[in-house]
Amino acid sequence: MAGKVGGGGGGKGMQPNSEPNVIPFIDILLVLLIIFMVTAPIPTVDLRVDLPPPNPVPIHLEGLNPTVVGIREGAGGLEIFVDEQTVPLSQLGDVTLQHAIRNNPALDTRDIYAEARVFVRADQSTAYGNVVNVMSRLEEEGFVKVGIFSELAQEG
């Protein structure tokens, strides 16, 4: 127990101090803060986003038609479509390649992975993780130009 020193009169001497000592409490909080900062999970999924230039230049894509991969979450789970053809996730790369070859007759078959554009289209209700999973799967298959297809929201 701590006491106050001082003469207040009447020869009281030392009196008990009822103020709490918060310094050890602050030390413990700082140690816990450092532990939580060090052990916090680091995001493991990165998406590369190429933003358009400030003054966009019109791009002419003669003979280059994008392949659209659609994602919907239905009652039966996740549904994936390649140009409106239903595809299981395990066959996504092969079917996308077939559609990209068909959609881009101007490209040589060897250049399809590097030059063909693949757009991923999903509703706002689709989970972000599912969209990233499909994009990652397409990039693992070798497609270089994978983008997100977006539309303006309809007012109403």
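The values are calculated or read from the model by the stated rules, or taken from the named source; none is laboratory data. Everything quoted here is computed from the prediction, not taken from an experiment. Cβ atoms come from the backbone with ideal geometry, glycine included; neighbour counts cover every protein chain shown.
Below are the figures for this structure:
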| read-out | value |
| --- | --- |
| Residue, nearest to the chain's Cα centre (by Cα), within region 113-150, restricted to residues that are of a type in the set (V, I, T) and within 19 Å of E84 (Cα to Cα) | V131 |
| Among the residues listed as G74, G63, the single one being on the phi > 0 side of the Ramachandran plot and modelled with pLDDT under 80 | G63 |
| Any hit, region 38-60, residues being over 30 Å from L107 (Cα atoms), β-branched (V, I, T) and modelled with pLDDT of 80 or more | yes |
| Scan of region 109-142 for residues that are touching a Pro at 6+ places or on another chain (Cβ under 9 Å) and either surrounded by fewer than 18 Cβ atoms within 10 Å (Cβ to Cβ) or on the phi > 0 side of the Ramachandran plot (or both), ordered by number | F119 |
| For I101: the one exception among (1) on the phi < 0 side of the Ramachandran plot; (2) touching a residue at least 24 places away in the same chain (Cβ under 8 Å); (3) not basic (K, R) | (2) |
| Hey, G7 touching a Gly at 6+ places or on another chain (Cβ under 9 Å), more than 17 Å from R117 (Cβ to Cβ) and modelled with pLDDT under 80 or not | yes |
| Per-region count, region 82-118, residues in contact with a Gly (Cβ under 6 Å, 6 or more places away or on another chain) and either part of a helix (DSSP H, G or I) or modelled with pLDDT of 90 or more (or both) | 1 |
